[in-house]
Every structure is written in C-alpha cells, then in structure tokens.
Amino acid sequence: MRPYINQIQSNLKSPCADGADWSLEIAPKTLLVGSNTSHKSAVVQAVELAIAGSADDIVGRSIVSDAALLLTLAPGDELGVTARLSDGSTANYNARREEGKVKRPQHDGPGAQS
C-alpha cells in the first residue's frame, strides 16, 4: 500500500480565536463534510501546501505558491503546515515574514523541489 497522509497540522485559516494550530487525523479514505465556513477547504489547501508547496483556489487564482499571498491565510507573520504520512515520513511547508519582508518559504517532503 502506498503511504497516505494520516495527520495534518496547520495554522492555515485557523478556526481558533487566538490563531492556534489545528490538527486533523485522516484515514486512507476520508470524506470532509460540513457547512460553509467549516474549514473544509483549509484542510485540502494545507495538504496541498505540505505536499506540493502550493495551493489551489486561493484569492481567486488557480495555483498559488507566492509566500506573501499564502501568508494572508494565517494569523500573524507565520504559516506552518505539517503532514504526517502512514510510513512515518513528514512533509512540511513554512513561510514567515520578518521585519516586514517575506522570507523564502521552506518546503520539504514528497513534492519538494531540490
């Protein structure tokens, strides 16, 4: 069996009042169901960021990898995503702003470019 994501953790579109990280356990087959504004798209976008370093359907664009645009989806000056895979490996995406400047994002995992 191929590895699958079994947990995703992020502060992307955090539903928490203080902007804290959220986490979700995922099975090999998971169905996301919820009303509008229940953060279903945040889960999908967090998975995309962790694996590919970009995400779809953000600010009206099909694929976004610009860290400045992605940072608008996180509270504060840092965006972090970690996906844990069933084989024990992880995929990460981290972007941050320091002194008003967006630093080059860090991305490692199955979809990362060397």
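The charge dipole of the chain, taken about its Cα centre with unit charges on the Cβ of Lys, Arg, Asp and Glu (plus for the first two, minus for the last two), comes to roughly 200 debye. Here the accessible area is traced with a 1.4 Å probe on the protein chains. For the chain, carbon and sulfur cover 48 percent of it. Taking the Cα atoms of the chain, the ratio Rg/Rh between the radius of gyration and the Kirkwood radius comes to 0.95. The residues of the chain expose on average 62 square angstrom of accessible surface per residue, using a 1.4 Å probe on protein heavy atoms. Residues in the stretch 74-83 carry Karplus couplings, in order, of 10, x, x, 10, 9, 10, x, 9, 10, 10 Hz; the curve used is 6.51 cos²θ - 1.76 cosθ + 1.60 with θ = phi - 60°, and Gly or Pro positions show x.
Computed from phi, the 3J(HN,Hα) profile of the stretch 92-100 under the Karplus parametrisation 6.51, -1.76, 1.60 (θ = phi - 60°) reads 10, 9, 9, 9, 8, 10, 10, 6, x Hz, with x in place of Gly and Pro.
Couplings for the stretch 41-49, taken from phi via the Karplus curve 6.51 cos²θ - 1.76 cosθ + 1.60 with θ = phi - 60°, read 5, 4, 5, 5, 5, 5, 4, 4, 4 Hz in order; Gly and Pro are left as x.
The values are calculated or read from the model by the stated rules, or taken from the named source; none is laboratory data. All values reported here derive from a predicted model rather than from experimental measurement. Cβ sites come from the backbone with ideal geometry, for glycine too, and all protein chains shown count toward neighbours. Accessible surface is based on the protein model in full, side chains and every heavy atom, while ligands, DNA and RNA are left aside. Shrake-Rupley method; radii C 1.70, N 1.55, O 1.52, S 1.80 Å.
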